[in-house]
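What follows is a set of notes on a single structure, which appears directly below.
The values are calculated or read from the model by the stated rules, or taken from the named source; none is laboratory data. Model, not experiment: these values are computed from the prediction. Heads up, the Cβs are rebuilt from the backbone with ideal geometry, glycines too, and the neighbour counts pull from every protein chain shown. Please note that ligands, DNA and RNA were not included when accessible areas were found on the heavy atoms of the full protein model with its side chains. Shrake-Rupley method; radii C 1.70, N 1.55, O 1.52, S 1.80 Å.
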Amino acid sequence: MTVPLDRHYLVELQVSEERVSQLRRIVAAHLRHWSLELHIRPVCRGVEELLTNVHRHVGGDNKCVVELRWSGRHLTVSVADNSSEMPRLLSSGGGGLSRVMALSHSWGTCRTLDGKVVWFTRYAEAPRSSDLLPRAPLPGVREFLLPPASEPSEPSEPSERSEASESYEPSEPALV
């Protein structure tokens with residue numbers, strides 16, 4: 001399945017604390033552009049965790065590649081680096097991969113020829129527009145109090161008039 005160009009983002013960067021916050025803002029901008037506002041917070045938090053892990057465990061001298069890919073149903077975020085050391089999910093939890101696991105629907109790692117890739121996905125279906133047309137405004141009090149518009153003129157021949165069209169005036173006031 002091919003992904004349209006506007007649904008794919010790839011950047012290679014040198015990991016540092018400043019770059020992590022920069023990339024977080026870039027990822028948020030792409031998610032807004034794709035109308036995935038509901039996913040900004042968890043996805044950015046997951047990206048931050050993966051980049052912090054690269055900075056902490058691989059070192060600041062290594063470059064990494066961050067990739068966002070949205071299929072229209074699933075958003076996949078991957079971070080590839082050139083370290084051969086595979087990450088481990090610690091039983092103590094609290095951060096790192098355990099946080100990524102909590103923020104995503106699926107995640108994993110994959111060894112590559114150059115190092116490894118750590119990825120996570122979130123179910124992110126495209127928002128649906130309701131395609132509703134705006135309704136005409138309801139009449140205000142002013143329009144409600146106005147007398148009705150005049151009716152067409154009376155028929156010219158008296159034979160065309162019916163008794164129902166005669167005006168009716170009750171002898172007693174009606175109770176409402």
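Here are the numbers:
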quantity: Spacing of the two label points (7 Å from each Cα toward its C-beta) at R73 and S16, in nm; calculated: 4.2
quantity: Listed residues M101, M86 arranged by accessible area, highest first, probe 1.4 Å; calculated: M101, M86
quantity: In Å², nearest 10: area of I26 left accessible to a 1.4 Å probe; calculated: 60
quantity: Expected-Rg normalisation [2.2 N^0.38 Å, Cα atoms] applied to segment 64-129; calculated: 1.24
quantity: Simple label model, 7 Å out from Cα along Cβ direction - K63 to R32, nm; calculated: 2.9
quantity: Kirkwood-type radius of segment 16-79, with distances r between different C-alpha atoms, in Å; calculated: 12.1
